[in-house]
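Asks: Just dropping this structure here.
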Amino acid sequence: MSVFELVLDTNQFIGGRMVQEFEEDFAAFCETRFCVGVNSGTDALRFALVAAGVRPGDAVVTVPFSFVATTEAISQAGAQFDFVDIDPRTYTMDPEKLSAYLDGRCTRNGQSRRVVSKRTGSPVTAVIPVHLYGQMANMDPILELAAQYDLAVIEDACQAHGAEYFSKRENRWRRAGSIGTAAAFSFYPSKNLGGCGEAGAVTTDDEKVARGCRLLRDHGQSAKYVHAIEGYNGRLDAIQAGVLHKKLRHLAKWNDQRRDNANRYDELFAAGNGALTLPYVPAGSRPVHHLYVVGVANRDGLRAELASEGIETGIHYPIPLHLLEAYATHAFRPGDFPAAEHAAARVLSLPMFPELLPEQQAFVTKAIQARLASSEPARRREQA
Amino acid sequence: MKVSLVDLRAQYLTIKDEIDAAISSVIADSAYIGGAHVEAFERAWAKAAGARHRVSCTNGTDALMIATCALGLRRGDEVITTGHTWISTSAMITQAGGRVVFCDVDPMTFTIDPAQIEARITPRTVGIIPIATFSYYPGKNLGAYGDAGGITTNDDRLAEGCGHVESCGVAAVASS
């Protein structure tokens, strides 16, 4: 029976058995106890924050190099956001910057372990490390700081389905979504695990957080028309759950194919000149390469030239969050987070999907190397 | 004899070919979010509702939330609505930063009683919600096979605002 026929057969279009079955298997895939299917990755972040105890008036610290959903979720939970810069090599949260923030850009709040953000005057109650491009952030030091300062850790795992990180503290590999207080996943169609429309999930080992997310996604209903709290409409459609459940069985294989493709790009580019910054994978990280992102100086020019040869590329993301028009009232300035700003000016996402062919990758790398070689004399002159 | 409160399968069977073809074409085009299929529906729905603009979104709750935000609600602003409705109506006023003012319903029609509205208008009142956003929840008169919703309006600026809120500020709304 097709997914659609199955949904019609159960007559449960929203929530229901198909959602539960997917939730159980996705929790197992992420090596967590609970999974709560929701409407989108943004809702997953918002519900995880609220269920993990973030209250209106709190501050949540994250990175400025992410999709806007990360900060939207914080604002929609009623909290203020603060930023710490990224590690320029991995594009994920720099734990030393987090430490410097908690130590220097916050003040002690009496006897409590909690600190108060100097910028917003709000108590810092959570941190959101973003596992960008399919690679997990350096979680050990982030978790240590979170324990020290009593912060909930919400992993933004919207690009990291199946990514792994070797925890030295625990001496074992941990999956994205299983290492923090809770994690948010997006199943946007283009993701490593993508629906045929909007979808997302929260994973957690904490039963209270899971229960909170289940209430929040369904208007705060504990039973039909009994609303314990005000919630949202953030449920997962059965048809999405059915599609995701079928696709989940292929996810490990698809992630392996992405790894092969990333390795092939690495090898093809290895012979080229030094104008290109290749993705950096530190020891103890097993990314799932949602995106294959290179750094290059004349990014926009290269992008236009590749487009003229039929090669589509993306930019994730061209404007760091602190410089978005939406946040103009926060009075951030260029230079506040130099690593994020440098990355935003240089990153270019190359074609990446499991079925990408070796000859397509050879075509892409050749086109890029040809452009870089022809601009090389100009680059030398600039440097001279 | 078993009689369902609502039998969605019965309706599906009367239009099975059309629905199956629509789903197949979305999948064949890989146009899962927004795109030509959404635009075609929005255009048809605005025409059916007699409005110039239409913004479709994830569900009726979001439709209310987006429309309330696009109105420019500020903290403490009051919005009048009825207590005889689904919780989304009042929840979205609160979540957009406003204060809910309940008005009773006409006992004959179960909809907001216009005679009682005026007494509830204060200098802080910015809107009245007589329930005019649309939910396409599966059990609705026009129901999807999952959550869906929409807003229609004749106000150009409101339509533009709705488009911004709906898509993280990236897109604007198409006009007819």
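The values are calculated or read from the model by the stated rules, or taken from the named source; none is laboratory data. The model shown is predicted, which means the values in this text are computed figures rather than measured ones. All Cβ positions, glycine included, derive from the backbone under ideal geometry; neighbour counts span all protein chains shown. Protein only, heavy atoms only, side chains kept; ligands, DNA and RNA dropped before computing areas. Shrake-Rupley method; radii C 1.70, N 1.55, O 1.52, S 1.80 Å.
Asks: Checking the condition of a type outside the set (Lys, Arg) and open to solvent by 30 Å² or more (accessible area, probe 1.4 Å), which residue from A:Thr62, A:Thr107, A:Thr92 passes? Even if it seems obvious, please write down each step before you answer.
Replies: On the way: A:Thr62 fails: open to solvent by 30 Å² or more (accessible area, probe 1.4 Å); A:Thr92 fails: open to solvent by 30 Å² or more (accessible area, probe 1.4 Å).
After ruling out the rest, the residue left standing is A:Thr107.
Asks: For the stretch A:31-53, what are the residues that are away from chain B (no Cβ under 14 Å) and surrounded by 24 or more Cβ atoms within 10 Å (Cβ to Cβ)?
Replies: Going through the stretch A:31-53, the residues away from chain B (no Cβ under 14 Å) turn out to be A:31-36, A:48-49, A:51-53.
Scanning the stretch A:31-53 gives A:Cys35, A:Val36, A:Ala48, A:Leu49, A:Ala51, A:Ala52.
Asks: Going residue by residue through the stretch A:214-224, is there one that turns out to be under 28 Å from B:Ile27 (Cβ atoms) and either assigned to a helix (DSSP H, G or I) or open to solvent by less than 10 Å² (accessible area, probe 1.4 Å) (or both)? Quick ask: steps written out before the conclusion?
Replies: Step one: of the stretch A:214-224, the residues under 28 Å from B:Ile27 (Cβ atoms) are A:217-218.
Right, trim to either assigned to a helix (DSSP H, G or I) or open to solvent by less than 10 Å² (accessible area, probe 1.4 Å) (or both) and you get A:217.
Yes, the conditions are met somewhere in the stretch A:214-224.
Asks: Same structure, new question: Consider the stretch B:25-84. How many of its residues are of a type in the set (A, V, I, L, M, F, W, C) and not in a helix (DSSP H, G or I)? Explain how you work it out, then say what you get.
Replies: Let us first name the residues in the stretch B:25-84 that are of a type in the set (A, V, I, L, M, F, W, C), namely B:26-28, B:31, B:33, B:36, B:38, B:40-41, B:44-46, B:48-49, B:51, B:55, B:57, B:63-67, B:69-71, B:73, B:79-80.
Still in the list and also not in a helix (DSSP H, G or I): B:31, B:33, B:51, B:55, B:57, B:71, B:73, B:79-80.
So the answer is 9.
Asks: Here is a further query. List the number of the failed condition for B:Ala31; all other conditions in (1) more than 29 Å from B:Thr153 (Cβ to Cβ); (2) surrounded by 12 or more Cβ atoms within 10 Å (Cβ to Cβ) hold.
Replies: Condition (1) is where B:Ala31 drops out.
Asks: Same structure again: Are any residues in the stretch B:70-90 open to solvent by less than 40 Å² (accessible area, probe 1.4 Å) and at negative phi, and if so, which ones?
Replies: Correct list: B:Ala70, B:Leu73, B:Asp77, B:Glu78, B:Val79, B:Ile80, B:Thr81, B:Thr82, B:Ile87, B:Ser88, B:Thr89, B:Ser90.
Asks: I've got another one for you. Being touching a Phe, Trp or Tyr at 6+ places or on another chain (Cβ under 7 Å), of a type outside the set (D, E, K, R) and either more than 11 Å from chain B (Cβ to nearest Cβ) or open to solvent by less than 10 Å² (accessible area, probe 1.4 Å) (or both) narrows it down to one residue among A:Ala182, A:Ala176, A:Ala210; which is it?
Replies: Numbers: A:Ala182 fails: touching a Phe, Trp or Tyr at 6+ places or on another chain (Cβ under 7 Å); A:Ala176 fails: touching a Phe, Trp or Tyr at 6+ places or on another chain (Cβ under 7 Å).
A:Ala210 is the lone residue from the list that is touching a Phe, Trp or Tyr at 6+ places or on another chain (Cβ under 7 Å), of a type outside the set (D, E, K, R) and either more than 11 Å from chain B (Cβ to nearest Cβ) or open to solvent by less than 10 Å² (accessible area, probe 1.4 Å) (or both).
Asks: Oh, and also: Quick one: in the stretch B:91-141, which of the residues that are open to solvent by less than 80 Å² (accessible area, probe 1.4 Å) and aromatic (Phe, Trp, Tyr) is farthest from the other protein chains (Cβ to nearest Cβ)?
Replies: Looking at residues that are open to solvent by less than 80 Å² (accessible area, probe 1.4 Å) and aromatic (Phe, Trp, Tyr), I get B:Phe134.
Asks: Answer yes or no: is there a residue in the stretch A:253-274 that is farther than 27 Å from A:Pro358 by Cβ and open to solvent by less than 40 Å² (accessible area, probe 1.4 Å).
Replies: Just the residues of the stretch A:253-274 that are farther than 27 Å from A:Pro358 by Cβ, to begin with: none.
For the stretch A:253-274, residues farther than 27 Å from A:Pro358 by Cβ and open to solvent by less than 40 Å² (accessible area, probe 1.4 Å): absent.
Asks: Check A:Lys247 against each of (1) touching a helix residue (DSSP H, G or I) at 6+ places or on another chain (Cβ under 8 Å); (2) not in a loop (DSSP other than H, G, I, E, B) and name the one condition it does not meet.
Replies: (1)
Asks: Which of the residues belonging to the stretch A:68-83 are open to solvent by 20 Å² or more (accessible area, probe 1.4 Å), touching a strand residue (DSSP E or B) at 6+ places or on another chain (Cβ under 8 Å) and either within 11 Å of another protein chain (Cβ to nearest Cβ) or more than 16 Å from A:Tyr101 (Cβ to Cβ) (or both)? Don't jump to the end; show me each part of the working.
Replies: As a first pass, look at the stretch A:68-83 and keep what is open to solvent by 20 Å² or more (accessible area, probe 1.4 Å): A:68, A:72, A:75-76, A:78, A:80.
Cutting the leftovers down to touching a strand residue (DSSP E or B) at 6+ places or on another chain (Cβ under 8 Å) gives us A:75, A:80.
Result: A:Ser75, single match.
Asks: Next up: Which residue out of A:Cys158, A:Cys196 is at pLDDT below 95 and assigned to a loop (DSSP other than H, G, I, E, B)? Before the answer, list the steps.
Replies: Values: A:Cys158 fails: at pLDDT below 95.
Testing whether each residue is at pLDDT below 95 and assigned to a loop (DSSP other than H, G, I, E, B) leaves just A:Cys196.
Asks: Of all the residues that make up the stretch B:12-26, how many are of a type outside the set (Gly, Ala, Ser), more than 22 Å from B:Gly150 (Cα to Cα) and open to solvent by less than 90 Å² (accessible area, probe 1.4 Å)?
Replies: Of the residues in that region, 3 qualify.
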